[in-house]
1. How do LYS388, LYS409 rank by accessible surface area computed with a 1.4 Å probe, from largest to smallest?
2. Per-residue HN-Hα couplings for region 583-594, Karplus 6.51 cos²θ - 1.76 cosθ + 1.60 at θ = phi - 60°, whole Hz, x for Gly and Pro?
3. Between SER130 and PHE185, what is the label-point separation in nm under the 7 Å Cα-to-beta-carbon projection?
4. Using a 1.4 angstrom probe and counting only protein chains, how large is the accessible area of THR165 in Å², to 10?
5. Can you tally the net charge around GLN632? Count Lys and Arg as +1, Asp and Glu as -1, for every other residue whose Cβ sits under 10 Å from the Cβ of GLN632.
6. Relative contact order (percent) for region 722-765, with alpha-carbon contacts under 8 angstrom and 6 or more residues of separation?
7. Can you tell me the relative contact order of region 1-134? Whole percent, Cα pairs under 8 Å, sequence separation 6 or more.
8. How long are the three semi-axes of the equivalent ellipsoid of region 36-129, in whole Å, if each is the root of 5 times an eigenvalue of the C-alpha gyration tensor, listed from largest down?
Amino acid sequence: MGDDTWVQLFPHHFKKAYPYPSFNVKDLHTVDNGCIEHLLPSLYEEDWDVLIAHFLGVDHAGHILGVDSLPMIEKLEQYNGILEKVIDVLGSQSGQGGLHENTFLLVMGDHGQTINGDHGGGSAEEVETSIFAMGFKKSPTSIPSEFDTSSCEINLDQKNTCISTIQQLDFAVTVSALLGVPFPFGSIGRVSPELYALGAGTWNLESTNGDNSQNHSKEEEWMQNYCNVLCINSWQVKRYIDVYSASSVIGFSLKDLSYISDIYAQAEEIGSCSFKNSLLYNESSNSLLPALRRQIDTYFNFLLSVAELARSKWTEFNLQMMAVGLGILFFSLLIHFLAIKRITNPYGISLFPSGDSEVSIRLIIAYSVVVIRACSFLSNSYILGEGKVAIFLLATTAIFKLRYSVKRKMMLIEAIIFLLLIIILRFTIEVGLSKQAMTSQFMSAHSSWMLEIALGHPIWIHIAEIIPILALMLLAYLLYMTMISSSSWGICKYAVLGTSLCYILIAVHWASESTIWSSVPMLQGIGKNSIPRIVPRIIYVMGLGQLLLLVFGQLFNKERALNSKKSLVIKTVAMLSAYSSTVIILSGKQGPLIALASITGGYCIMRLDNIEQDPKDNTAGALTFDPLSVTQWSLLATCLFFSTGHWCAFDGVRYGAAFIGFDEFVLVRQAFLLTIETFGFSHILPVFGLPFLAARQYLMGQTEQDGKLLFLQLSQIYLMYGFITATTVTATIICVTVHRRHLMVWGLFAPKFVFDVAGSVLTDILICLAWLYYLGREDGTKLSTQ
């Protein structure tokens, strides 16, 4: 009963099943109420051997609302009440001959949670969870020290509390031993002595005035049974290791197999499973406890050694295929570099002029920044602080630009604003990467990087709800001013108008979820029932419609050649506005503020582009490509990824964004929305915004040849951006290759690898789409004929 994943994995294994849909993370009660409805009545029935009740409310509450939210507290209190009822029912029928005389209760979590409810990483709070076991026979009051894994400490009530631990690896074989079913063939776990004793109900060793010899006999009897179980357990593990090594391409080395065989042989020399021990038990009047303890120790040693060896050796790497992949990436980097270097403008002048010391300095700084960032991935500490590294490098380039701004006595305001923006982003990255700061109390639906101050005070609550709406209004105003600045918008005008309407709908959507809305009961009901579902879907449809409008407008436009700065700016603004509404609503109430930060940063980079050039040398300014500006653009995109509260780990993904506007789980739809939310500000918008750098360098009143120059500059900018991305991915893969046996390979390096590869593939696709959208086929034809 409960999570329907059980039935999907084991469709024919249950005599009775009451599955409920588990992927609607907004639904905190359907699965739990189903469990409650069927759990207690089933405890009075005799037609089951194993009963599984899989509750999901705590998991969903953590994902959507956070661990410290009120619904989470309510769920935990509800579970406490259910657990008390279950124990009462089982206890009332656990007497001799009772229905639950031999019933064993296990209450456990399948994973932990971070403070913001995620559990995809490798931190202790995610991979450790609680297990509560209760046997209804008489419980033991003392445990032999050799089997006691508990650690004791004084709790807040000044009581001595002892807690034992069990590896998840050991759970399957332990439950199999308790149920009397064969051990799983692929398991290398060890039967837990504490759970086995508690479940078997035979470990009742009391220090009372009773017969000590009787207690001694009970201990001997239990250790005999447990030794037999460990013997079968060890035999199964040894059998699996032998089969695995014989069939696997890599397997264990001969040295490792010899070591395992020697340890197993030592255990077998002391005594085999039940046959020898039973003979000794019947023939000898002396105590068998020392011999049993010695044999149990040898089985422990064998099982622990196999588990430790498996953890260190069972990650198989195909070094040849890894070398092929690295070779392809290095070849890609070479092609990128040669393509950037060989592109020339229509006047025959290289876009990397030789002999220009200023250009050489820009090239050196740009490539140095890229190389430094790539080398930082060789350290796990720098991967954890990747956002800080990126913002530091961005600040370094900004100071370099500020130097020339002061020297040239121009663009000083832009340089200072850019540095101030970097300071703000540095603060947001610090807060965004802190899991403790990413609570969802501050924003009702999503975690945010905004500072958490006096959350209960109405002033701060109202400010947190009003500021995003004011930011939306400012974005709409900027779009309007851009649109009225020219009369040549054509079909792009309708895309911009659609975005303005989407901004209004986003404001309505957020207002429906705000506490201010509660003062109007009728509107509150409308908002809670309709707006959260309908409005996001309208925005998604309108965003898709805007994109189709721009694409068809480009396809059926007779004059598709890129021949003016004005047309490039119009196309870029229209495309960015079409994407922005969906990205903003998925990003939550921090979305408009991040959008303003990206606009401000992009504007400053564009204005400071080529500031090192002599302002009197207009020709050089028109013909020279500035790689440092593209590097800054890439670093800004990276900083926006971390500023939005993401990081390169699976618990850094905000899964709740995939359900904005939807309650049901559809894999493709939710994956698409989650991709847009994760990579919207850091990949999608930056790639489509790159043409601003080319438009900045393009002079007004150009001829057809100048249009070709603009095409070449834009091509080179995209090649440079792709080169930076490919360099980052190559460095990440080298890092993973070098650290493939590192302790943090799965907890840190592998997630970083996955995110960088996914980002690289997405960037390449977006560059191709942007190329087709902005350039058109006529430009490519003219280039090839020339």
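1. Most to least solvent-accessible, the answer reads LYS409, LYS388.
2. Once rounded to whole Hz, the list reads 5, 5, 5, 6, 7, x, 6, 7, x, x, 5, 5.
3. About 3.8 nm separates the two model spin labels.
4. Rounded to the nearest 10, the figure is 100 Å².
5. -1
6. RCO, region 722-765: 54 percent.
7. Relative contact order, region 1-134: 20 percent.
8. The equivalent ellipsoid of region 36-129 has semi-axes of 31, 14, 11 Å.
The values are calculated or read from the model by the stated rules, or taken from the named source; none is laboratory data. Everything numeric in this text was worked out from a predicted model, so none of it was measured. Ideal geometry is used to build each Cβ from the backbone, glycine not excepted, and the neighbour counts take in all protein chains shown. Surface areas here come from the heavy atoms of the whole protein model, side chains and all, with no ligands, DNA or RNA. Shrake-Rupley method; radii C 1.70, N 1.55, O 1.52, S 1.80 Å.
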